[in-house]
Every structure is written in C-alpha cells, then in structure tokens.
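First comes the structure, then the notes that go with it.
The values are calculated or read from the model by the stated rules, or taken from the named source; none is laboratory data. Since the structure is predicted, the reported quantities are computational estimates derived from the model, not experimental observations. Backbone-built Cβ (ideal geometry, glycine too); neighbour counts: all protein chains shown.
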Amino acid sequence: MPAGDPSPSYLLSQLRLGEQPLPEVLARVADIVRDATDGCDEAGLTLDDVDVAPASTGAMAAALDVGQRAMGEGPCAASLRSGAVEEFEVATDPRWPRFSNLARQNGLGACLAMPLLKGADTIGVLNLYSRMAGGFGTFGSLGRQAATALAEQASVLVSNAQSYAGVLQATERLRNVLTGPEDLVAQATGVLMARHGLDVVSARLRLENQARDGRGSVEATARGVVASIG
C-alpha cells in the first residue's frame, strides 16, 4: 500500500452499513483486504448463509469460492466447519483432490482461509488467493498478525452488516403485512366507524356497499377510505 494512503483498518471502519446492501459490503471488504495483503492476487468472502452468494474480487476467486461451496471441500469449506485458519499449497497439499484440480485449472498457487468469528460461531471465511506457489510463505509473523487483525475487524463488520440486513428484511416484511388487503379493510372499517358513529358490522357493510356502488373491489375502496384521512 503506497505511503500516505488510508490504512485498511480505517477503510473498513468507514463502511456505512445503512448505505450499501449486504453483497456490496462483502465485496468492499474483500477488495480492501486483497489490496492490503502482500502476495494476495484475489480475495473472496463466503458466508455461512448459503442464501448469500460469495463476494469475490476476480474470476479466479469467484470460481474457487463457488466451487468450494458446491463441493464441500477445500480450505474455505474446512475453515467454515472448524473455525480455524487453513493454509493450502496446490503443489504439496494432498487433502482435497477435487479442489486441487479446480485450483490448478484456475491458476491458483496458494490460499489462506481465515474464519470470521462471532463468539464461538463461524459466520464466514475470508479467502486470500495467490497465483504464486508459496504465495503466503513470505507473510512472516508480522504479516500474519496484520492479516489476522483485518479478519477480526471484518468479522465484526460482517456480523453487523448481517444484523442490519436482517432488520431491513424484517421491516420490509412488516410493512408488507401492514399494507396488505386485510389490514387495509380493517383500517377503513375503523375510519368509517369513527366518521359515522357505526359499530364494526355496520361499518363493514357500508364499506362493501361503497365498493359495490362504485363497481370496485373492497380492497380498492378501503385504500381510498384510508387515503382520505391523510
């Protein structure tokens, strides 16, 4: 990273969860970590939630992230299960034959898979990919410490982003419920009760009569009644 550029830790801290959907947050995290890590050509971020697609910085990372999820093997898949850091060298590591074949096809030399933790739970994995054999061998202790610190910060950020996305989804579901046909009819019935001094049965009959006289649906008529009090 050139001198004078913002630190990766600062860039991560500046991500605004309310301004970007979850996939964009994940993609930005992957970009920041890739740019900050010596020897890293591409990066990917895979969540434990299978409904969220992996975020990848390039074609190689995308193929390897998606492939590991589909095969259920590889350093990312292993890290997701164990919550431990996994290092992988294509030329020397025999543990995952199918992933090794996919890795060679996509020009991978080495991979470092770092778990994203929320307490004792693994919520995702940050995958650092190098085209060079031994691509992460030059990390050294300081480099590994820096990468670990970024993964820890990314864990908090991703956890918060997931929580925020969950709140937005719940809010949208609630909004849909509260603007559904039955709720509109109930609201319109209440408006007619207050406006004309009717009981609930009489107000509902009045609403249905208005709909019939206007040759519209009860729902459309109810929407008009509710809108009339705005």
Q) If you go through segment 88-98 one residue at a time, do you hit one that is modelled with pLDDT under 95 and part of a strand (DSSP E or B)? A) yes
Q. Would you call Leu142 over 22 Å from the mean Cα position of the chain (by Cα), within 18 Å of Pro8 (Cα to Cα) and either surrounded by 24 or more Cβ atoms within 10 Å (Cβ to Cβ) or modelled with pLDDT under 95 (or both)?
A. yes
Q) Are there any pairs, at least 6 apart or on different chains, whose C-beta atoms fall under 7 Å, with the first in segment 101-113 and within 27 Å of Glu152 (Cβ to Cβ) and touching a residue at least 24 places away in the same chain (Cβ under 8 Å) and the second surrounded by fewer than 24 Cβ atoms within 10 Å (Cβ to Cβ) and charged (D, E, K, R), and if so, which? A) Leu108/Arg131; Gly109/Arg131; Ala110/Glu89; Leu112/Glu87; Ala113/Glu86
Q) Does segment 65-82 contain any residue that is of a type outside the set (A, V, I, L, M), part of a loop (DSSP other than H, G, I, E, B) and modelled with pLDDT under 90? A) no
Q: Working only within segment 213-226, note down all residues that are surrounded by 11 or more Cβ atoms within 10 Å (Cβ to Cβ) and in a helix (DSSP H, G or I).
A: Val218, Glu219, Ala220, Thr221, Ala222, Arg223, Gly224, Val225, Val226
Q.
Looking only at segment 191-207, count every residue that is assigned to a helix (DSSP H, G or I) and surrounded by 15 or more Cβ atoms within 10 Å (Cβ to Cβ) and tell me the total.
A. 7
**Q.** Candidates Glu24, Glu19, filtered to the one that is modelled with pLDDT under 85, assigned by TED's automatic domain parsing to the domain that holds Gly72 and under 14 Å from the mean Cα position of the chain (by Cα)
**A.** Glu19
Q: Would you be able to tell me the number of residues in segment 38-56 that are surrounded by 24 or more Cβ atoms within 10 Å (Cβ to Cβ) and of a type in the set (Val, Ile, Thr)?
A: 1
Q) closer than 19 Å to Ser130 by Cβ, within 16 Å of the chain's Cα centre (by Cα) and in a loop (DSSP other than H, G, I, E, B) - does that describe any residue in segment 46-63? A) yes
